[in-house]
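Only one structure is covered here, and it is reproduced in the block below.
Quick note: the coordinates plus some simple rules give every number you see, no bench work behind them. Computed from a predicted structure; not experimentally measured. All Cβ positions, glycine included, derive from the backbone under ideal geometry; neighbour counts span all protein chains shown.
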Amino acid sequence: MTAKRTRGKQAATPAHDINTASGLIAHEIVQQYGDLAPSVNKIMGAGLTEEGQLTAIDAFRGALSTPADPMRDPRNAIAAGRLVDGTTD
C-alpha cells in the first residue's frame, strides 16, 4: 500500500486584522486562493490607510474573475489605493 500524498506546502495565513473590512477581504482571498498570498501581502503591506487598502484589495478581488483586468497586478491595485489616499508613493 502506498502512502497517501498530501498537498504541497500550504500558504501561510497572513497576519491581517480581520476586524477591518480590508483585512477580512484579504483573509477571504487567501483562504480561497492560497497561492495569491504574496500578492495579498504586498497590497496589505503597502502602507495605505484603511480606505486606500480597502480600495486596493477590493479592486484586486474584483479582478480575479477577469484574467485581462489590470487590477490583477497588485502594483496596479496599490496605485488605485494610493489615489484614494492622495499619495503617489
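How many of the residues in the range 47-78 are part of a loop (DSSP other than H, G, I, E, B), in contact with a Lys or Arg (Cβ under 8 Å, 6 or more places away or on another chain) and hydrophobic (A, V, I, L, M, F, W, C)?
Filtering the range 47-78 down to residues part of a loop (DSSP other than H, G, I, E, B) leaves 47-49, 64-69, 73.
Among the residues that remain, those that are also in contact with a Lys or Arg (Cβ under 8 Å, 6 or more places away or on another chain) are: 48, 64, 66.
Next cut, hydrophobic (A, V, I, L, M, F, W, C) only: 48, 64.
Adding up the residues that qualify gives 2.
Going through G81, G23 one at a time, which residue ends up being surrounded by 20 or more Cβ atoms within 10 Å (Cβ to Cβ), in a helix (DSSP H, G or I) and not aromatic (F, W, Y)?
Details: G23 fails: surrounded by 20 or more Cβ atoms within 10 Å (Cβ to Cβ).
Result: G81 is the single residue among G81, G23 that is surrounded by 20 or more Cβ atoms within 10 Å (Cβ to Cβ), in a helix (DSSP H, G or I) and not aromatic (F, W, Y).
Results for (1) buried (at least 18 other Cβ atoms within 10 Å of the Cβ); (2) under 15 Å from D85 (Cα atoms); (3) touching a Ser or Thr at 6+ places or on another chain (Cβ under 6 Å), shown as yes or no for each residue.
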{"site": "Q32", "(1), (2), (3)": "no, no, no"}
{"site": "N41", "(1), (2), (3)": "yes, no, no"}
{"site": "G47", "(1), (2), (3)": "no, yes, no"}
{"site": "A59", "(1), (2), (3)": "yes, yes, no"}
{"site": "R72", "(1), (2), (3)": "yes, no, no"}
